[in-house]
Amino acid sequence: MATGITHEESKRRVMRVLIILSVVTAVEIGAALAHYYFLSFEAQVATKIWLNVLFIVLSAAKAYYIMSEFMHLRYELKPLTISVLAPFLFLIWAIIAFSYEGVSWLELRNWFG
């Protein structure tokens with residue numbers, strides 16, 4: 001932590017992070033259970049994309065919060081923060097690009113094969 005922060009304030013910050021991450025995780029688990037148990041099969045198929053989007057957004061928010069608090073990026077200079085977050089964003093872009101490319105190859109294989 002930054003200098004000049006007391007032990008009690010540090011404990012409060014860690015507890016706040018713990019509570020926020022626990023609530024976000026509980027929302028993710030609740031959404032998954034509600035999707036599985038309370039929707040018919042047809043509704044599950046129709047809403048699966050929205051559930052996946054929700055998981056991606058909440059997981060990215062948790063990753064950002066963990067990096068900003070536990071890796072202390074919130075307290076660092078902007079260039080260092082960008083140098084840590086840029087590879088993370090590139091990884092997200094690569095996953096999306098390779099998924100799109102994989103679907104394209106699968107469609108070509110099914111068409112010609």
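Please treat every number below as a calculation from the coordinates, not as lab data. Model, not experiment: these values are computed from the prediction.
Report the extension gain between residue 50 and residue 98 in nm, rounded to one decimal, defined as 0.36 nm multiplied by the number of residues separating them, less their alpha carbon distance.
Between residue 50 and residue 98, full extension yields 15.2 nm more.
Between residue 42 and residue 5, what length comes free when the chain is fully extended (0.36 nm per residue of separation minus the Cα-Cα distance, one decimal in nm)?
Numbers: separation 37, 0.36 × 37 = 13.32 nm, distance 5.35 nm.
Length gained, residue 42 through residue 5: 8.0 nm.
I'd like the projected area of segment 1-75, averaged over all directions, using the convex hull of its alpha carbons. Report it in nm² with one decimal.
Over all viewing directions, segment 1-75 projects a mean Cα-hull area of 5.4 nm².
Please check: in the Gaussian network model of the chain (C-alpha springs, under 10 Å), which one of 97, 63, 34 has the largest mean-square fluctuation.
Taking springs between Cα atoms under 10 Å, the residue moving most is 97.
If you wrap a convex hull around the C-alpha atoms of segment 38-110 and split its volume per residue, what is the figure in Å³?
107
Output ³J(HN,Hα) for segment 48-63: one whole-Hz value per residue in order, computed from phi by the Karplus curve 6.51 cos²θ - 1.76 cosθ + 1.60 with θ = phi - 60°, and x for Gly and Pro.
Working through the residues one at a time gives 4, 5, 5, 5, 5, 4, 4, 5, 5, 5, 5, 5, 5, 5, 5, 4 Hz.
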